[in-house]
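The values are calculated or read from the model by the stated rules, or taken from the named source; none is laboratory data. What you see is a predicted model; the values in this text were computed from it and never measured. As a convention, Cβ positions derive from the backbone with ideal geometry for all residues, glycine included, and neighbour counts pool all protein chains shown.
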Ligand SMILES: NC(=O)c1ccc[n+]([C@@H]2O[C@H](COP(=O)([O-])OP(=O)(O)OC[C@H]3O[C@@H](n4cnc5c(N)ncnc54)[C@H](OP(=O)(O)O)[C@@H]3O)[C@@H](O)[C@H]2O)c1
């Protein structure tokens with residue numbers, strides 16, 4: 001039985017991760033961090049009585065304090081909130097750079113810092129940071145996103161060493177292309193072209209990433225820390 005917080009809980013991956021935890025055990029309590037949109041998260045809460053929403057803008061340190069006041073001690077944190085805003089570096093706006101670094105990297109830092117003291121006191125914790133294969137591939141047009149997600153991977157590995165003796169594991173998952181709203185703006189022809197570059201010849205499903213997150217979160221995964229798990233259909 002765990003108290004689980006998933007940021008970006010109204011998005012495709014957040015919802016699939018939540019569902020996987022809720023289906024794995026009726027005893028888990030799952031908090032979906034939401035900000036502007038919450039309708040899909042609330043629909044999931046209507047199905048599972050132990051699923052709840054909590055207001056959480058991940059880039060705001062005070063929002064973390066407020067939301068943890070509501071959720072109580074967190075056993076499992078999934079730093080999943082994030083977004084991309086692609087452009088060539090030469091034409092990238094200040095806002096596109098800083099907002100992408102903020103939601104993906106700074107949000108992950110704030111989340112880790114917000115929960116770590118409680119986890120240390122209880123000598124148990126699981127933190128899973130959702131990065132991306134963009135961290136490892138560094139695609140053109142994504143300098144902001146690739147830098148942010150590479151930062152998430154480095155944060156994960158460094159932080160894992162700091163808390164390893166306290167019974168806390170910190171791992172990253174690097175999804176490839178996964179069918180969620182985040183990819184909704186890719187035109188059909190480009191989708192087909194991208195799929196041809198994936199050894200499995202298809203995009204992933206959110207539940208195929210969720211299973212990796214749940215695995216890293218389980219109590220038995222107690223000797224896995226600082227790992228970076230790709231879930232990408234074999235791209236890398
Ligand atoms: N889908 C993919 O192919 C893919 C691949 C690799 C990595 N990822 C990563 O997986 C994670 C989830 O993505 P997704 O595919 O589920 O995308 P999504 O459907 O667009 O969901 C993203 C979620 O993050 C939330 N969010 C963004 N910035 C936030 C902030 N500053 N504070 C709080 N919440 C924030 C969004 O909230 P609002 O709805 O309020 O905007 C939304 O709920 C992201 O970190 C993404 O970078 C996705």
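Quickly run through region 158-193 and pick out the residues that are out of contact with any helix residue (DSSP H, G or I) (no Cβ under 8 Å at 6 or more places or on another chain), buried (at least 16 other Cβ atoms within 10 Å of the Cβ) and part of a helix (DSSP H, G or I).
Correct list: 160 only.
Anything in region 219-236 that is touching a helix residue (DSSP H, G or I) at 6+ places or on another chain (Cβ under 8 Å) and either surrounded by fewer than 16 Cβ atoms within 10 Å (Cβ to Cβ) or under 17 Å from residue 156 (Cα atoms) (or both)? List them, or say none.
Correct list: 221, 224, 225, 226, 227, 228, 229, 230, 231, 236.
Kindly provide the set of residues from region 167-206 that are under 16 Å from residue 128 (Cα atoms) and more than 12 Å from the ligand (Cβ to nearest atom), ordered by number.
Across region 167-206, the qualifying residues are 167, 168, 169, 170, 171.
Tally the residues that are over 19 Å from the mean Cα position of the chain (by Cα) and touching a residue at least 24 places away in the same chain (Cβ under 8 Å), restricting the search to region 173-200.
Residues that pass the stated criteria total 4.
Out of all the residues in region 55-67, which are surrounded by fewer than 20 Cβ atoms within 10 Å (Cβ to Cβ) and in contact with a strand residue (DSSP E or B) (Cβ under 8 Å, 6 or more places away or on another chain)?
The answer is 55, 63, 66.
Pick out the one residue from 183, 155 that is at pLDDT 95 or above and more than 20 Å from residue 2 (Cα to Cα).
155
Would you mind telling me which numbered condition in (1) buried (at least 22 other Cβ atoms within 10 Å of the Cβ); (2) more than 14 Å from the ligand (Cβ to nearest atom) residue 131 fails?
Evaluating residue 131 over (1) buried (at least 22 other Cβ atoms within 10 Å of the Cβ); (2) more than 14 Å from the ligand (Cβ to nearest atom) leaves (2) as the failure.
Looking at the structure I just gave you, is residue 154 within 15 Å of the ligand (Cβ to nearest atom), part of a helix (DSSP H, G or I) and without any contact (Cβ under 8 Å) to a residue 24 or more places away in the chain?
no
Condition (residue is at pLDDT 95 or above, farther than 25 Å from residue 169 by Cα and surrounded by fewer than 22 Cβ atoms within 10 Å (Cβ to Cβ)) applied to region 143-151: is it met by at least one residue?
yes
Do the conditions hold for residue 226, that is, is it under 26 Å from residue 19 (Cα atoms), in contact (Cβ under 8 Å) with a residue 24 or more places away in the chain, more than 18 Å from the chain's Cα centre (by Cα) and outside any strand (DSSP E or B)?
So residue 226 does not fit the description; no.
Taking the conditions exactly as written (within 16 Å of the ligand (Cβ to nearest atom) and either touching a helix residue (DSSP H, G or I) at 6+ places or on another chain (Cβ under 6 Å) or assigned to a strand (DSSP E or B) (or both)), does residue 115 satisfy them or not?
In short, no.
When you scan region 1-106 for helices (runs of 4 or more DSSP H) that lie fully inside it, which ones turn up with 2 or more residues that are more than 8 Å from the ligand (Cβ to nearest atom) and either in contact (Cβ under 8 Å) with a residue 60 or more places away in the chain or within 25 Å of residue 169 (Cα to Cα) (or both)?
The helices (runs of 4 or more DSSP H) meeting that bar are 12-24, 61-71.
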